[in-house]
Amino acid sequence: QVQLVESGGGLVQPGGSLRLSCAASGSILSIAIMGWYRQAPGKQRELVASMSSGGRTNYADSAKGRFTISRDNAKNTVYLQMNSLRPEDTAVYYCNAIGRATTHSMFNSWGQGTQVTVSS
C-alpha cells in the first residue's frame with residue numbers, strides 16, 4: 001500500500017503564506033499525478049492543484065496566481081506554496097497520489113488531511 005503524510009498546515013492571517021508538504025511512501029514504482037484537494041465545511045471536495053510526473057500542472061481558478069505546486073519525483077514528495085491567502089481558502093487540505101505500485105497495479109491514495117485556517 002501507499003501512504004501519504006502531510007505537513008505544513010496551520011493558522012495564518014489573511015495575506016499570509018503557508019507551504020504544505022506531502023511525502024508518499026510504500027510500494028511505489030511510479031506516481032503519475034500528485035495533487036492537492038480541499039474541503040470546506042458544507043462544501044464538496046475540490047481540486048486545488050495537481051502536477052503530473054512530467055511537470056504538467058493544473059490549478060483551480062481560485063488558486064491561479066497565488067498557489068504554486070511543485071514535485072520532487074526522487075523523493076515522491078509534492079508541495080503547495082500558498083501565498084496571498086484569503087479566508088475563503090480555509091479548509092482541510094488533502095494530498096492525493098495516483099500511480100503504479102511495485103506489483104504493477106495502480107493505486108489512488110489520500111493523505112489524512114491538514115487544516116488550513118485563514119483568519120485575522
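Quick look at the numbers
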{"quantity": "Accessible area expressed per residue, region 1-72, with surrounding protein chains retained (probe 1.4 Å, Å²)", "calculated": "55 Å²"}
{"quantity": "Exposure rank, largest accessible area first [Glu88, Glu46, Glu6; 1.4 Å]", "calculated": "Glu88, Glu46, Glu6"}
{"quantity": "At q = 0.13, 0.18 Å⁻¹, base-10 log of I(q)/I(0) for the chain (Debye sum, equal scatterers on each alpha carbon)", "calculated": "-0.47, -0.86"}
{"quantity": "Solvent-accessible surface ranking, highest first, for Ile98, Ile31 at 1.4 angstrom", "calculated": "Ile98, Ile31"}
{"quantity": "Label-reachable residues, region 23-65, where backbone N falls under 18 Å from a point 7 Å from Ser17's Cα toward its Cβ", "calculated": "63-65"}
{"quantity": "Dipole magnitude of region 38-120, debye to nearest 20 (Cβ charges: Lys/Arg +1, Asp/Glu -1, about Cα centre)", "calculated": "140 debye"}
{"quantity": "Compactness relative to 2.2 N^0.38 Å, alpha carbon Rg of region 6-61", "calculated": "1.34"}
{"quantity": "Paramagnetic label zone (point 7 Å from Cα along Cα-to-C-beta, Ser120; backbone N under 12 Å) in region 4-20", "calculated": "13-16"}
{"quantity": "Globularity ratio of region 67-120, using Cα Rg and 2.2 N^0.38 Å", "calculated": "1.43"}
{"quantity": "Separation of the Ser84 and Met106 label points, Cα + 7 Å toward Cβ, nm", "calculated": "3.6 nm"}
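The values are calculated or read from the model by the stated rules, or taken from the named source; none is laboratory data. In this text, all values refer to a predicted model and were calculated from it rather than measured experimentally. We place every Cβ from the backbone using ideal geometry, glycine too, and count neighbours over all the protein chains shown. Areas reflect the complete protein model, heavy atoms only, side chains present, ligands, DNA and RNA absent. Shrake-Rupley method; radii C 1.70, N 1.55, O 1.52, S 1.80 Å.
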